[in-house]
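This report concerns only the one structure given below.
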């Protein structure tokens with residue numbers, strides 16, 4: 001077997017842009033960063049995203065393709081003296097005829113203000129082409145002057161399909177990966193590892209390397225990697241359902257019914273199961289939003305606002321912190337008074353539209369945007385509500401065939417009890 005010392009995650013770093021997996025939104029063929037790398041026309045950029053999403057890999061690809069001098073610093077250990085040395089070497093035409101250096105700074109958010117200020121004039125005049133990598137939001141952590149002179153690319157957690165592809169590449173690659181081993185890895189083990197890696201390719205590769213290199217040989221000299229092997233390597237128990245199986249639908253059904261049934265404890269339990277199994281925050285918040293409208297409705301209109309706010313915040317924050325937003329919204333829905341009156345009202349109206357002769361829009365409710373239409377009766381007789389006491393006026397809003405129909409029947413639950421009281425006064429006046 002190989003005596004290579006480098007970790008698998010390091011050995012399997014993509015060597016070319018074509019080998020890079022994921023981040024299609026910034027590195028897909030034809031995208032700006034793709035074109036910049038292929039043309040060797042890199043300008044200063046900052047790569048921002050969670051660990052294991054490809055920031056360092058992109059820097060290595062640029063290093064292998066650019067004709068300019070390439071230097072690398074780690075912001076944890078580097079200082080102003082290192083920056084001055086690189087600038088001096090760049091300006092030395094004997095050492096660097098191009099007069100230009102591509103400088104990769106890992107963890108750039110750890111550079112203090114003085115260090116960033118020392119870098120700024122050389123980024124501005126083009127002596128240094130900066131590639132910064134950070135797991136922190138650069139708009140908060142990096143000098144605004146540097147930000148204004150750089151393009152910021154946000155990398156997203158890799159999806160499970162991308163992680164699975166990376167794992168399979170590593171298992172098959174005999175030169176850099178684990179292909180030299182006579183191993184058989186079960187599909188469900190690969191899929192499970194792809195899910196539990198939480199979008200971090202480094203975690204997945206470290207785990208599969210550990211699994212292969214520490215497993216006992218079978219009688220025929222092969223290595224068999226099962227889901228139990230992966231559980232041991234990642235120290236995490238595989239839950240009894242996957243995202244595409246029947247149990248997935250059972251769990252999400254129980255989650256929704258727990259919120260509908262006003263049981264926040266059960267709702268949190270099924271939410272935790274879903275998160276543990278790898279359900280995405282986007283999928284779960286969509287279910288919460290639907291429940292907030294369908295089952296809470298007008299009994300507590302604030303529940304929908306909270307759910308939608310959580311959905312927006314999830315896109316800003318991402319996992320794992322997004323779990324708190326999901327819990328907040330789920331508990332809000334579960335503990336709210338319930339009413340499905342809007343849902344039932346719409347269902348009745350949809351049924352009538354589909355099955356009955358419902359007539360035409362009354363003439364007084366129609367617009368008359370073109371001169372002469374009023375002579376045909378369009379808009380004639382319409383009463384503008386704000387011209388009447390209480391901003392309410394009695395007039396017919398239904399076609400003749402549907403006059404007097406009631407679809408919305410408010411409950412006495414929560415805020416809807418006030419609506420019911422007001423509506424009864426209005427309908428009976």
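Tabulated data for the structure shown
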quantity	calculated
Qualifying positions in region 374-423 - under 45 Å from the mean Cα position of the chain (by Cα) and assigned to a helix (DSSP H, G or I)	385, 386, 391, 416, 417, 418, 419, 420, 421, 422, 423
Residue check, residue 133 crowded, with 21+ Cβ neighbours inside 10 Å, under 15 Å from residue 51 (Cα atoms) and in contact with a helix residue (DSSP H, G or I) (Cβ under 7 Å, 6 or more places away or on another chain)	yes
Test for residue 14: is it under 20 Å from the mean Cα position of the chain (by Cα) and assigned to a loop (DSSP other than H, G, I, E, B)	no
Residue tally, condition crowded, with 16+ Cβ neighbours inside 10 Å and either at pLDDT 75 or above or part of a helix (DSSP H, G or I) (or both), over region 233-247	2
Matching residues in region 184-215 - criterion: being in contact with a strand residue (DSSP E or B) (Cβ under 6 Å, 6 or more places away or on another chain) and buried (at least 18 other Cβ atoms within 10 Å of the Cβ)	185, 189, 211, 212, 215
Condition check for residue 79: surrounded by 14 or more Cβ atoms within 10 Å (Cβ to Cβ) and out of contact with any strand residue (DSSP E or B) (no Cβ under 7 Å at 6 or more places or on another chain)	yes
Out of 359, 345, 379, sole residue that is surrounded by 11 or more Cβ atoms within 10 Å (Cβ to Cβ), over 27 Å from residue 297 (Cβ atoms) and touching a residue at least 40 places away in the same chain (Cβ under 8 Å)	359
Where residue 258 falls short, out of the listed (1) crowded, with 21+ Cβ neighbours inside 10 Å; (2) closer than 19 Å to residue 311 by Cβ; (3) modelled with pLDDT of 90 or more	(2)
Every residue from region 192-222 that is under 27 Å from residue 323 (Cβ atoms) and part of a loop (DSSP other than H, G, I, E, B)	197, 198, 199, 200
Yes/no for residue 369 being out of contact with any strand residue (DSSP E or B) (no Cβ under 7 Å at 6 or more places or on another chain), in contact (Cβ under 8 Å) with a residue 12 or more places away in the chain and either part of a loop (DSSP other than H, G, I, E, B) or under 26 Å from residue 339 (Cβ atoms) (or both)	no
Wholly within region 82-186, strands (runs of 3 or more DSSP E) carrying at least 2 residues that are touching a residue at least 24 places away in the same chain (Cβ under 8 Å) and closer than 20 Å to residue 22 by Cα	128-134, 151-154
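For every residue, the table says whether it meets (1) modelled with pLDDT of 85 or more; (2) assigned by TED's automatic domain parsing to the domain that holds residue 196.
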| site | (1), (2) |
| --- | --- |
| 116 | yes, no |
| 128 | yes, no |
| 132 | yes, no |
| 143 | no, no |
| 146 | yes, no |
| 169 | yes, yes |
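The values are calculated or read from the model by the stated rules, or taken from the named source; none is laboratory data. Source: prediction; values computed, not measured. A quick note on method: Cβ atoms are made from the backbone with ideal geometry, for glycine too, and the neighbour counts reach across all protein chains shown.
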